[in-house]
Each structure stands twice: as C-alpha cells, then as structure tokens.
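Reading through the structure tokens given below for one structure.
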Amino acid sequence: MEDLHKQFLALENSHLAPVARESNQNMAEILDNDFFEFGISGGICQRADFDGSYDLPEDDYRVSRFEVKPLGPEAVLTMYLLENRTTGIWSHRSSVWKKRENGWKLLFHQGTKTDGFKKWE
C-alpha cells in the first residue's frame, strides 16, 4: 500500500505543479480523454477545454491528509486536503485515476472549499 500511496501522491502533485499548469498541452497529457471536473469555484471543465486557451493558476499548492482507495485493478480514488499557499484557500480534493495503455490518467477531479481543519471519517 505504501508504494500505491507514493505513486498516486506523485500523480496528484504532477497536475498541481507549475510546469504542468503553464501549458495546456502538459495538462492534456495528464488528463484522460473523458476527464471531467467540478472545480472549487463551482465551475465545470472537461478535457476538451485544454485544447484551447484554458488558463490555470500556477499557484503554490501543498497536499496533506492524503489517502488512496483502490476501486479495482484499473481505477483509484485519491482524497486529500489542499492548501493554496498563494491565495490562502483550503479545499478538500478527490480524484479518480484510470489505468490506460499509456499509464494512469486523471478521469475525474473535484474541489470543495473548507476551513482546512475538517477531516472525513
């Protein structure tokens, strides 16, 4: 389980990293073709949004309380608390990663604003 934890923590950090967020092409390589997101703002985005000029903030993020839940041999749920150190906003995050021929891809992501101290049981 330790290896799974490290692997998916690295994957989560990959789409939060400034190098990924500075280019839609970089993000598109991480996202599944069927990617869908409910953002912290309440907005919705899909994989096709990254074919144009979809802007993502290159903020400084910190992941904590990271958990991994296998959903089967080819799908994983991750849950964590995200601190945006640039804006001071905290959010609960969840992602579903899907194993594809070319590696793990981010299929679904959701962010829900929080005060930073609540934890799911």
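Expressed as a whole percent, the accessible area of the chain that falls on carbon and sulfur atoms is 50 (1.4 Å probe). Across all directions, the shadow cast by the convex hull of the chain built on its C-alpha atoms averages 7.5 square nanometres. Taken about its Cα centre, region 68-110 carries a charge dipole of about 40 debye when Lys and Arg each add +1 at the Cβ and Asp and Glu each add -1 at the Cβ. Subtracting the Cα-Cα distance of Thr86 and Lys69 from their residue separation scaled by 0.36 nm leaves 3.2 nm.
Rolling a 1.4 angstrom probe over the protein heavy atoms with all chains in place gives the chain an accessible area of 58 Å² per residue.
Between Asp115 and Arg100, the simple spin-label model (points 7 angstrom out along Cα→Cβ) gives 4.0 nm. Electrostatic tally near His109: other residues with Cβ closer than 9 Å to its Cβ, Lys and Arg +1, Asp and Glu -1, net 0.
For the chain, lysine pairs with C-alpha atoms less than 21 angstrom apart, excluding pairs fewer than eight positions apart on the same chain, total 10. Kirkwood radius and radius of gyration were both taken over the C-alpha atoms of region 1-48, and their ratio Rg/Rh is 1.02. For Ile89, the residues whose modelled amide H falls within less than 5 Å of its own, excluding neighbours fewer than 5 places apart on the same chain, are Asn84. Phi angles across region 102-109 convert, under the Karplus curve 6.51 cos²θ - 1.76 cosθ + 1.60 with θ = phi - 60°, into 3J(HN,Hα) values of 9, x, 7, 10, 7, 8, 9, 8 Hz, Gly and Pro given as x.
Placing +1 on the Cβ of every Lys and Arg and -1 on the Cβ of every Asp and Glu, with nothing else charged, gives the chain a dipole about its Cα centre of roughly 380 debye.
The values are calculated or read from the model by the stated rules, or taken from the named source; none is laboratory data. Keep in mind the model is a prediction, meaning the values are calculated, not measured. Positions of Cβ are generated from backbone atoms using ideal geometry, with glycine treated the same way; all protein chains shown enter the neighbour counts. For the accessible areas, the whole protein counts, side chains as well, though only heavy atoms, and no ligand, DNA or RNA atoms are used. Shrake-Rupley method; radii C 1.70, N 1.55, O 1.52, S 1.80 Å.
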